[in-house]
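Have a look at the structure below, then the notes.
The values are calculated or read from the model by the stated rules, or taken from the named source; none is laboratory data. Please read all numbers here as calculations on a predicted model, not as lab measurements. For neighbour counting, all protein chains shown are included, and Cβ atoms are generated from backbone atoms with ideal geometry for every residue, glycine included. The area values use the complete protein model at the heavy-atom level, side chains included, leaving out ligands, DNA and RNA. Shrake-Rupley method; radii C 1.70, N 1.55, O 1.52, S 1.80 Å.
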Amino acid sequence: LTSMGDGKIYPYDQVTNKIGEAMPNTAGTTSICGLSWSEDGKAAYIVNMFNPTDPLEPGYVAKIEWPSGNLISKIANVTKPSPEGKPLSHQSARTPDGKYLYVADGFDGTLVKIDLTTDKIVKSIAMGTGEPHSLVISADGKTAYIAVRGAPDKNQSSIFIMDMAKEEITGTIPGITA
């Protein structure tokens, strides 16, 4: 489980139905929104949504070792700083082949594609409208489903359907009341 309040990750035990102690936070995260795992489960990619003590700090992804919490690397400037101090980076999803991580950038209205072999940003994919928040990628890696707030208007949200090979929006499922 992740916490936007304290920037920590908490293990959940399904057998006892209890939340455990927070893992050590050496990544400096202050407000976690997204969490994705490496293929082998030995590393987590945690999306720091924004820094409440420095709202102009760009969003970033911290790659941490599990379960120690040691910082492996920091992928900086995943999102641009928000002049209004608005939350920036939201949820993330890793491709089934483990090559890429996509992060929803609510400020710019894009998905940010990160190459996990180099920890470098490859590109930003515009959604066209609204604020992307969460996403899932199909098991075959062919399609992504992106929840976008404020689309088609500020009082609704929609699901955008993206062809992963073309990295283009191919359809929408509108009409979720925001």
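Brief remarks follow.
- Net charge dipole size for the chain [Lys, Arg +1 and Asp, Glu -1 on Cβ; Debye, nearest 20]: 60 debye
- Residue order for Asp6, Asp115 - accessible surface, 1.4 angstrom probe, largest first: Asp6, Asp115
- The calculated pair-distance distribution of the chain uses every alpha carbon pair, bins of 10 angstrom beginning at 0, and gives 10, 38, 36, 16, 1 percent.
- Potential extension, Leu1-Val122 segment - 0.36 nm per residue separation minus Cα distance: 40.8 nm
- Probe 1.4 Å, accessible area per residue of the chain, Å²: 51 Å²
- Prolate/oblate/rounded call for segment 79-175, Cα gyration tensor, a/c under 1.5 rounded: oblate
- The Cα-based radius of gyration and maximum Cα-Cα distance (Dmax) for segment 28-106 are 12.3, 38 Å.
- Hull shadow area, averaged, segment 79-133 [alpha-carbon convex hull, nm²]: 3.8 nm²
- For segment 123-173, the fraction of alpha-carbon pairs in successive 5 Å shells from zero, as %: 5, 22, 33, 25, 10, 4, 1
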